[in-house]
Amino acid sequence: MSERKSILFLMALSIALWCGKITFGSEHPSRMQMPSATPSAGIEIDSNLKFVRLSVKDSVAYALRNNFDIEMSKLDLKIQDYGITKEKSRFDPILTLAGNIQNSETPSSNLLQTGSSTSSVINPFVMDGRTADAVLKSLLPTGATASLGYHVFRSFLDPSPFQLLNPSYTNFIEASITQPLLKGAGWFYNRSPIYIARNNKKISLAQFKSRALDVSNAVQEAYWNYVRAMENLKVAKKSLERAEDLLKKNKIQVEVGTLAPVEIIDAESGVASRVEAVILAENTIKDREDELKRILNFADTDIISDATVVPADNPYFEAKKIEVKDAIRIAMEKRPELTELQLVTENAGIQTRRRKNELYPQLDFTGGVRYTGLGSEASDANDAVFSETYQGEFLGLTLSIPIGNRSARSEYNKSKLNERQATLNVRKKELDIVVEVRASARQVTTNIERVNATRKAKELAEKRLENEGKKYNVGRSTSLEILRAQENLAIAEFEATRAIIDYEISLGNLEKSKGTILDLYDIKLEEDTKT
């Protein structure tokens, strides 16, 4: 193998070795950050890159690994994680540092300021003030705002006839808390944005699962439609072989004089129409293969975009009894769209509770303690502060009553309507799911009956062709009747194949409507909603 082919083969082989968050069988699923798949025994890659052999399970796993919608859902989950962190950050403490310098020189005639009565009436008075503040403030889950601050004030006066200390340092440390008692109070009110953000992530997860179900179902439909096209080609070729065999026999009989030459024309016409059917079937195969590759996103991989996909699974008919009530019950538990709407309803209920709290007046309790120190040096003032000699306390209540409170009442009423609307959406989706499951179950039952009916029709068409052949051999039938019988048999074979494929697809549709199509292919997605 050339160096280039070796490189291409290794790149193509990576298809069978992808690793990530989808697991098969008993392997332990990874945290839900999104699909990749462990290798499956069904994948086979030709060393010359001429074909890729895939089962339905392999196709579903590969599509989930490479689908753009799935990749966007993965990013959305990460975005929601940051949303949760943002809401939690409301309780992060904030450190504020501030400094200020203020110098002023003003004229003064105040004897208490200038300390002299012998100088001119107006004397200069100088004030030099410097402040430094450090405040640590934090919002608590109860709605309270707690703060701890240290403040330094340096004062210098010139002249200062009555100041014992000049310059002087007045330092104090203060701890305070302001607790809402009505509006804005309580653990639930202040942490509810976090609850909503967490639910939003769960909603994104449900949307991701919904997309995964849609992609999986689209893959299985495309896969079986591709298989159907290949089976139809087999039927068309078999029909062509019958027509060519009839033409061969007619030519022999015309040569020996036991058949009129016109029979050759009829047989040739039959061969020509069968050739057309084969050409159309081959074209349909290419169309169905391209559709499957599009869903698998093979077009984005030049190494295998030209390789032929060889189905590893064949259609298999085994009539299954469908219990509609059980299917509906499972769908109610598994369908991610229903989970999404239930979470939306839960968020609406949280918002309603928040808006109800905001109808209350604002009543805040404030309390705190302060320790003060004074000295000619900053260190002296600090020592006095921490000696706790000079202590002060403060308590207070503040009541704020909005007159009318129309804004809060409007928001509360709107929240109640949103919650009601969300509840109705859940009930509507439940009804939609019931109808969808019933329709899918009926389709499975209908296709079972179709398979049995088309098999019987195929048997009768085979017998008719056999009888026409016997009549033709004794001169009681014509080439035209034989061709008609062959055409009827080909149609019966097409329909028999179509019914089995439709049955396979309907089984997948039923699993999708139940929300269990990933379980059907033993693909597990582990939820990770911890933050």
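The values are calculated or read from the model by the stated rules, or taken from the named source; none is laboratory data. What you see is a predicted model; the values in this text were computed from it and never measured. All Cβ positions, glycine included, derive from the backbone under ideal geometry; neighbour counts span all protein chains shown. Accessible surface areas use protein heavy atoms only, side chains included; no ligands, DNA or RNA. Shrake-Rupley method; radii C 1.70, N 1.55, O 1.52, S 1.80 Å.
Give ALA218, ALA260 a once-over and let me know the one that is of a type outside the set (Asp, Glu), open to solvent by 20 Å² or more (accessible area, probe 1.4 Å) and not in a helix (DSSP H, G or I).
ALA260
Scanning for something closer than 30 Å to SER204 by Cα and either of a type outside the set (Val, Ile, Thr) or modelled with pLDDT under 90 (or both), does the stretch 305-320 turn up at least one residue?
Within the stretch 305-320, none of the residues are closer than 30 Å to SER204 by Cα and either of a type outside the set (Val, Ile, Thr) or modelled with pLDDT under 90 (or both).
In the stretch 55-88, which residue that is of a type in the set (Ser, Thr, Tyr) and in contact with a helix residue (DSSP H, G or I) (Cβ under 6 Å, 6 or more places away or on another chain) is farthest from THR308 (Cα to Cα)?
Only one residue tops the list, namely SER73.
Which one is nearest to ALA485 (Cα to Cα) among residues in the stretch 246-282 that are modelled with pLDDT under 85 and acidic (Asp, Glu)?
Per the stated criteria, the residue is ASP266.
Every residue in the stretch 205-249 that is over 24 Å from the mean Cα position of the chain (by Cα) and of a type in the set (A, V, I, L, M), please.
Those that are over 24 Å from the mean Cα position of the chain (by Cα) and of a type in the set (A, V, I, L, M): VAL227, ALA229, MET230, LEU233, VAL235, ALA236, LEU240, ALA243, LEU246, LEU247.
Report every pair of residues separated by at least 6 positions or lying on different chains whose Cβ atoms are under 8 Å apart, first residue within the stretch 86-104 and within 30 Å of ASN200 (Cα to Cα), second of a type in the set (Gly, Ala, Ser).
LYS86/ALA197; GLU87/ALA197; PHE91/SER138; ASP92/SER138; PRO93/SER138; ILE94/SER138
Each row is one residue, and each column tells you yes or no for (1) modelled with pLDDT of 90 or more; (2) in contact with an Asp or Glu (Cβ under 9 Å, 6 or more places away or on another chain); (3) closer than 30 Å to THR366 by Cα; (4) open to solvent by less than 60 Å² (accessible area, probe 1.4 Å).
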| position | (1), (2), (3), (4) |
| --- | --- |
| ASP58 | no, no, no, yes |
| LEU64 | no, no, no, yes |
| GLU87 | yes, no, yes, yes |
| ASP92 | yes, no, yes, no |
| SER116 | no, no, no, yes |
| ASP133 | yes, no, yes, yes |
| ALA146 | yes, no, yes, yes |
| HIS151 | yes, yes, yes, yes |
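Okay, residues lined up against (1) charged (D, E, K, R); (2) surrounded by 11 or more Cβ atoms within 10 Å (Cβ to Cβ); (3) in contact with a Pro (Cβ under 7 Å, 6 or more places away or on another chain); (4) modelled with pLDDT of 95 or more:
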{"site": "LEU374", "(1), (2), (3), (4)": "no, yes, no, no"}
{"site": "GLU377", "(1), (2), (3), (4)": "yes, yes, no, no"}
{"site": "ASP380", "(1), (2), (3), (4)": "yes, yes, no, no"}
{"site": "ALA384", "(1), (2), (3), (4)": "no, yes, no, no"}
{"site": "GLY392", "(1), (2), (3), (4)": "no, yes, no, no"}
{"site": "LEU395", "(1), (2), (3), (4)": "no, no, no, yes"}
{"site": "ASN405", "(1), (2), (3), (4)": "no, yes, no, no"}
{"site": "ASN413", "(1), (2), (3), (4)": "no, yes, no, yes"}
{"site": "LEU417", "(1), (2), (3), (4)": "no, yes, no, yes"}
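Does the stretch 511-521 include one or more residues that are crowded, with 21+ Cβ neighbours inside 10 Å, at positive phi, of a type outside the set (S, T, N, Q) and modelled with pLDDT of 85 or more?
Yes - at least one qualifying residue is present in the stretch 511-521.
Looking at (1) under 48 Å from the mean Cα position of the chain (by Cα); (2) more than 23 Å from VAL271 (Cβ to Cβ), which is the only condition GLU493 fails?
(2)
Please go through the stretch 338-356 and pick out each residue that is open to solvent by less than 30 Å² (accessible area, probe 1.4 Å) and either charged (D, E, K, R) or closer than 30 Å to ASN447 by Cβ (or both).
Passing the criteria: only LEU338.
Identify, from the list SER239, SER204, SER210, the residue that is assigned to a helix (DSSP H, G or I) and either surrounded by fewer than 21 Cβ atoms within 10 Å (Cβ to Cβ) or of a type in the set (Val, Ile, Thr) (or both).
Answer to the check: SER210.
Within the stretch 425-443, identify whether any single residue is touching a helix residue (DSSP H, G or I) at 6+ places or on another chain (Cβ under 7 Å), under 30 Å from THR339 (Cα atoms) and not in a helix (DSSP H, G or I), and answer yes or no.
Checking the stretch 425-443: not a single residue is touching a helix residue (DSSP H, G or I) at 6+ places or on another chain (Cβ under 7 Å), under 30 Å from THR339 (Cα atoms) and not in a helix (DSSP H, G or I).
Across the stretch 425-474, what is the total count of residues that are in contact with a Ser or Thr (Cβ under 7 Å, 6 or more places away or on another chain), of a type in the set (D, E, K, R) and either modelled with pLDDT of 95 or more or open to solvent by 30 Å² or more (accessible area, probe 1.4 Å) (or both)?
2
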